Amino acid sequence: MKEKLVSIGDDYWIEDAAGKKTYKVDGKMLRIRNTLVIQDSDGKDLYKIQERMLHIKDTMEIEKAEGGTAATIKKALISPLRDRWTVKIPDGEDWSIQGNILDHEYRIEAGREKVAEVSKKWFRIRDTYGVEIETGHDAALVLAVTAAIDQMAHD
């Protein structure tokens, strides 16, 4: 994923390890609240990410394209060394996220099982980081969570 510091609408592509554009993050810029849409390479909406206005500032909801909540992300704890976030997944095991969010060095776990690892260390290109997703997990949802956390951490 590439981090964009200034981007009209926050549109960007997510590439796989071979450099193929697999998902698009479409930022909706003329909205009252922050909205991002995760699309497949054909432009089909998969998930919509929205900041929840009536709740605590550090909460975002990810909705399924067909409707319904896919996940709710909340900032759990800020400490000098690492951030902690929780991802509530209806009808599934909740995820925890720990590490250095601003430096893109963190892990996503479901209980003791690793869901994904995010790292900038794998790349020499500025403002680029990787998301390694474990087999058996919804890649688009993991990327939606990663994009939401990136948005929340940098706002």
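The values are calculated or read from the model by the stated rules, or taken from the named source; none is laboratory data. Keep in mind it's a predicted model, so treat the numbers as computed, not measured. Here the Cβ positions follow ideal geometry from the backbone for every residue, glycine too, while neighbour counts run over all protein chains shown. For the accessible areas, the whole protein counts, side chains as well, though only heavy atoms, and no ligand, DNA or RNA atoms are used. Shrake-Rupley method; radii C 1.70, N 1.55, O 1.52, S 1.80 Å.
The residue that is modelled with the highest pLDDT, among those in region 109-125 that are open to solvent by 90 Å² or more (accessible area, probe 1.4 Å) and in contact with an Asp or Glu (Cβ under 9 Å, 6 or more places away or on another chain), is 113. For region 129-143, the criterion of being of a type outside the set (Ser, Thr, Tyr), outside any loop (DSSP other than H, G, I, E, B), within 24 Å of residue 27 (Cα to Cα) and modelled with pLDDT under 90 is met by at least one residue. Among residues of region 99-113 that are polar (S, T, N, Q), those with a Cβ under 9 angstrom from a residue that is open to solvent by less than 50 Å² (accessible area, probe 1.4 Å), sequence gap 6+ or separate chain, pair up as 100/83; 100/106. Of all residues in region 19-57, those being within 19 Å of residue 74 (Cα to Cα), modelled with pLDDT under 75 and not aliphatic (A, V, I, L, M) number 6. May I ask you to verify whether residue 147 is open to solvent by less than 30 Å² (accessible area, probe 1.4 Å) and modelled with pLDDT of 90 or more? Judged against the criteria, residue 147 is not a match. When restricted to residues that are at positive phi and assigned to a loop (DSSP other than H, G, I, E, B), region 87-110 contains 2.
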